[in-house]
Structures are given as C-alpha cells and as structure tokens.
Amino acid sequence: MRAWIVENQRPMTERPMRFVELPAPVAEGTQVRIRVTACGICRTDAHIAEGDLPLQRRPTIPGHQVVGMVDQVGDKVTRHAVGDRVGTAWIGGACGSCAECLDERENYCEQFQGNGWHLAGGYAQYMTVEESFAHSLAGVGLDDVHVAPLMCPGVTACATLRLARVDRGTRVGLFGYGPTAFYSLRLARSEGAEVLVSTRGEERRKLAIREGAVWAGSTERDVMPDKLDAAIVFPASGRLAELALAAVRPGGVVVSAAIDMPGFAVRDYRSNFWGRDFRSLYNVRREDVQCIIRKARSEDLTMPVRVVEPEQAQEVLQQVAAGKFPDLAAVIRW
Ligand SMILES: [Zn+2]
Ligand SMILES: [Zn+2]
C-alpha cells in the first residue's frame, strides 16, 4: 500500500514525512482493517512530524480523521463486518479497566493511544484499529471527504461545547474560527445558544456571520460586547486566552481546545479571573465521537473542504503548520 511515514522528526520545512510503499497491515483478533477512502489533515499531524509530540512508534503513519470501509476482520470481531462504513478518530486505544476508563473519562487514561501517533493512522490506503474504536457511520448522509473532518474538528467541537456547558440561551464566544469553531458554531446554534466570534481574517468573520453568529469582530481591534457565559479558545494563543478570560462573566467558563499554549498571565485577578472556570480539553473520548456522529445523522454538518491528492499531503501539511492554508480544512482522498 502507499503510505506517508514519519521516521525522524524535524521541522515541516525540512519535509519530515516520506511517501513509501509498505505491506498492508493484517487485522488480527479484535481488529478490523479499514480501506481508507478519506483522511483529514490536522495541525496535530504536524506536531507529530515535527517533534512537539514525541514519537510513540517508529516509523508512524500520521492521520486521525479517518473514514473508510471495513475490508477485513480479525477472528474475534463481533461489532463490524466486511463492507461496513466506519470512521475512527484521535482516540485509538485506552486500557478499559483503570479508574478513569471505568468512570467514562477514558481521555485521561494513562494508556491512552492516539491514532497516527501510538498507532498507525490514515495517511495510508489501509489501517487496522481495534473494533471498539471504529465507529459505524450508518445513517450519515455526508460523503466520505465531508465526514473525515468530523472525526477531529467535529469531535473536538462536541467535547469543548460539553466542557463549556453550552445549551439553550448560553451566550458563547468563540476565539478563532477554524474548522473546530465552524462545527462549534453550527452545534451551539442548533442547541439554541447565541454565538459571538472573534477572529483575525475578514473572510472568516463574514463566514461566521453567514453561519449565524450574532457578532463577529477582529481579535486585533474589537472587544466582544457584553459579558459571555462561556468562551472557547481554539488557537494556541496566550493572548486569546487572556482576551477570553476578560470576556466572560464571573460564574462563566473558558475552555482551551489547544493541545499546547504559550504562557499567559492573569493580569487582573479580580476582573479577569475571579469566579471563572478555566478548563482545557485533554484528548477525546469515544462518547465524543459518538456525539458528532449522532449530530451528523440529524443535522447538516457540511463544511467546505479542499480535497487533495495523497501525493500533496506533505505540502498541504506544511501550509497548515505555517498558518498559510487558505481553506477551512484539507482532506486526502485515497
Ligand atoms: Zn486533529
Ligand atoms: Zn484506562
């Protein structure tokens, strides 16, 4: 099979991935093999390629927004059959028996395994996954390239809205407007929340208004009108975290969706921090994956995506890492 591998981590500008021919993996025991049809490209893939996240296998195949068809099953598989349409996300393994796993908090499991990180991912024509980490897409009307980004930005949107306690009547501010914020806006509106967006690009602000935000302003110049019940910060930006803390009312909550954050300061404890909850998303659970799949069965979650050829993956990931990718999301079509 054709696959992108990361063997030696180095900056994206030095092309850390190699496009190679490998034997296809074989499904064993409780694993299924997915013939991958679409895999979203995520900034986290660049963190793995560059070394911000240490390699957990060498080489690894990146990719954790995977959609495809089950084409082989291990001899102990009971949940899926050959021909099933499935997706798999960032969570590819957890022990299932620790206190966190037993308390529906498997995202904190010490033996958490990430697809495309600890486990070979979807930048390949085939991948294997434990059957309980492959999710049925039966009843989802979107085509594969539009389902792929649901598997990371969509899952993350479900998880952050849960942490931010967003429901009917919540006034929620989104800081940054990339793919995860795009889905968050759709989902929050369908819950009956009021959504405000602060982001840099003019085009993104226009898109947010078209998507139903009641206000969209510039992170450089504009301050959100009135206090928020909740704020979600998407980019790894300490400055945005500070702006978000200043924008929520006491009793409100700020959620960081980033996997890393440069230092930020509480400059005025009484007006910017006192009484607020600051929470950060730490991995995702299978329940969060199920959440977005349920939503996709009943709501229109079409996001504009750029479909790319497998050969272009490195070049596109370079642009994503540099913040220069012009579209909302990129998806490899295998
Ligand atoms: Zn991702
Ligand atoms: Zn566990």
(request) Looking at (1) within 16 Å of ligand 1 (Cβ to nearest atom); (2) in contact with a strand residue (DSSP E or B) (Cβ under 9 Å, 6 or more places away or on another chain); (3) closer than 22 Å to residue 284 by Cα; (4) not in a helix (DSSP H, G or I), find the lone condition where residue 4 falls short. (result) (3)
(request) Please work out which residue is surrounded by the fewest Cβ atoms within 10 Å (Cβ to Cβ), limiting yourself to region 159-183 and to residues that are of a type in the set (Gly, Ala, Ser) and in contact (Cβ under 8 Å) with a residue 60 or more places away in the chain. (result) 178
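Yes/no matrix, rows are residues, columns are (1) assigned by TED's automatic domain parsing to the domain that holds residue 247; (2) in contact with a Ser or Thr (Cβ under 7 Å, 6 or more places away or on another chain):
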| position | (1), (2) |
| --- | --- |
| 147 | no, no |
| 163 | yes, no |
| 167 | yes, no |
| 180 | yes, yes |
| 185 | yes, no |
| 189 | yes, no |
| 196 | yes, no |
| 200 | yes, yes |
| 207 | yes, no |
(request) Could you list, in sequence order, all residues of region 94-110 that are more than 16 Å from ligand 1 (Cβ to nearest atom) and either outside the structural domain of residue 129 (by TED's automatic domain parsing) or in contact with a strand residue (DSSP E or B) (Cβ under 9 Å, 6 or more places away or on another chain) (or both)? (result) 94, 106, 109
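Looking at 25, 62, can you tell me which residue is at pLDDT 95 or above, part of a loop (DSSP other than H, G, I, E, B) and within 16 Å of ligand 1 (Cβ to nearest atom)?
62
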(message) I need the strands (runs of 3 or more DSSP E) fully contained in region 67-177, keeping only those with at least 1 residues that are within 16 Å of ligand 2 (Cβ to nearest atom).
(response) 91-93, 126-130
(message) Being more than 22 Å from the chain's Cα centre (by Cα) and among the aromatic types (Phe, Trp, Tyr) is the filter here; which residues of region 1-59 pass it?
(response) 19
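Among the candidates 138, 124, single out the residue that is open to solvent by 20 Å² or more (accessible area, probe 1.4 Å) and aliphatic (A, V, I, L, M).
138
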(message) Considering only residues that are open to solvent by less than 20 Å² (accessible area, probe 1.4 Å) and of a type in the set (Gly, Ala, Ser), which ones fall in region 30-60?
(response) 38, 40, 46, 49
(message) So, restricting to helices (runs of 4 or more DSSP H) that lie completely within region 216-334, which ones have at least 3 residues that are surrounded by 14 or more Cβ atoms within 10 Å (Cβ to Cβ) and in the same structural domain as residue 15 (by TED's automatic domain parsing)?
(response) 313-321
(request) Look through 96, 87, 74, 63 and report the one residue that is among the small types (Gly, Ala, Ser) and open to solvent by 10 Å² or more (accessible area, probe 1.4 Å). (result) 96
(request) State all residues of region 28-46 that are part of a helix (DSSP H, G or I) and in contact with a Phe, Trp or Tyr (Cβ under 9 Å, 6 or more places away or on another chain); if no residue qualifies, say none. (result) 44, 45
(message) If I filter region 184-200 down to residues being small (Gly, Ala, Ser) and either open to solvent by 20 Å² or more (accessible area, probe 1.4 Å) or touching a residue at least 40 places away in the same chain (Cβ under 8 Å) (or both), which single residue comes out as nearest to ligand 1 (Cβ to nearest atom)?
(response) 184
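The values are calculated or read from the model by the stated rules, or taken from the named source; none is laboratory data. Being a predicted model, the structure only gives us computed values, none of them experimental. Don't worry about glycine lacking a Cβ; one is built from the backbone with ideal geometry, like all the others, and counts go over all protein chains shown. Areas reflect the complete protein model, heavy atoms only, side chains present, ligands, DNA and RNA absent. Shrake-Rupley method; radii C 1.70, N 1.55, O 1.52, S 1.80 Å.
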